[in-house]
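So the structure is just underneath, and the comments pick up after that.
Coordinate-derived values only; no laboratory data. Keep in mind that this is a model prediction, so the values were computed, not measured. Cβ atoms come from the backbone with ideal geometry, glycine included; neighbour counts cover every protein chain shown.
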Amino acid sequence: MKKVFLLAVAGALVFSLTGIDLIEAMKMPKTVLMNASVGKTKNPVYAPVNFPHQKHLKLGCPVCHHKWTDKKNPPKKCVDSGCHDILGAKGAQMRAKNSAYNAFHNPTSNHSCMGCHKNKKKQNLATGPIACKKCHVK
Ligand code: HEC
Ligand code: HEC
Ligand code: HEC
């Protein structure tokens, strides 16, 4: 009987140390003002963007935080070094995987704001803005 009790306590302890609790403990932004491109692009009209993070959580973390493995720490920022770190790309470079422009507008990737919004629209599901000025609100 004692053994069973101890096992239950150990089980509860292991459970409380799983990723789920760590995620709940993590400070999750309700909204994020995305403004890394300010001053880096010749298109100042298009930045910054107010991103409603909380409204997206039900889609699951990995669809956006697609390189996030170390769940003990918050995910990296989109434009952190080694990720989508080319800001203010022009021409063909805009389509490069590591450009910030591509991260947010790639029309065929479900990781990108624009790509996912377009996908949902195609499937007739609730979706977010696709028009430039709906995200880049002045
Ligand atoms: C679903 C939201 C969304 C839509 C729609 C959208 N954008 Fe963006 N865009 C973003 C986000 C988020 C950023 C990052 C802003 C920042 O960090 O400064 C961004 C950044 C940019 C940048 C700067 C990229 C860089 O290299 O620094 C440009 C230019 C841009 N958008 C142009 C456009 C144009 C043109 C359209 C319409 C075809 C458009 N955007 C539509 C979300 C959107
Ligand atoms: C639709 C895309 C999307 C989804 C889904 C999403 N996030 Fe995010 N999250 C973002 C973006 C974009 C940022 C801002 C990153 C930046 O500033 O470059 C962010 C920021 C964060 C931050 C703050 C990071 C920092 O350093 O300030 C945390 C923590 C976070 N997300 C956790 C989560 C967790 C946990 C989930 C799943 C329950 C989740 N996110 C789901 C897109 C998303
Ligand atoms: C994987 C899919 C996905 C990605 C990636 C995604 N979104 Fe969305 N977004 C949605 C869906 C679905 C909705 C509609 C949510 C709802 O109505 O419940 C939405 C809604 C929105 C809205 C409108 C919220 C409202 O109050 O009506 C904005 C603004 C928005 N997204 C911005 C962004 C930006 C900026 C990014 C990138 C940083 C982004 N989204 C990335 C799926 C996505």
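Sites listed here are chymotrypsin sites (Phe, Trp or Tyr not before Pro) in segment 29-130 whose DSSP assignment is loop and whose Cβ has at most 14 other Cβ atoms within 10 Å: TRP68.
Taking the charge dipole of segment 29-135 about its Cα centre, with +1 at Lys and Arg Cβ atoms and -1 at Asp and Glu Cβ atoms, the residue from CYS78, CYS135, SER37 reaching farthest to the positive side is CYS135. Charging the Cβ of each Asp and Glu at -1 and of each Lys and Arg at +1, and nothing else, the dipole of segment 29-135 about its Cα centre rounds to 280 debye. In terms of surrounding Cβ atoms within a 10 Å radius of their Cβ, HIS56, HIS84 rank from fewest to most as HIS56, HIS84.
Computed on segment 38-138, with alpha-carbon pairs under 8 angstrom and 6+ residues apart, the relative contact order is 25 percent.
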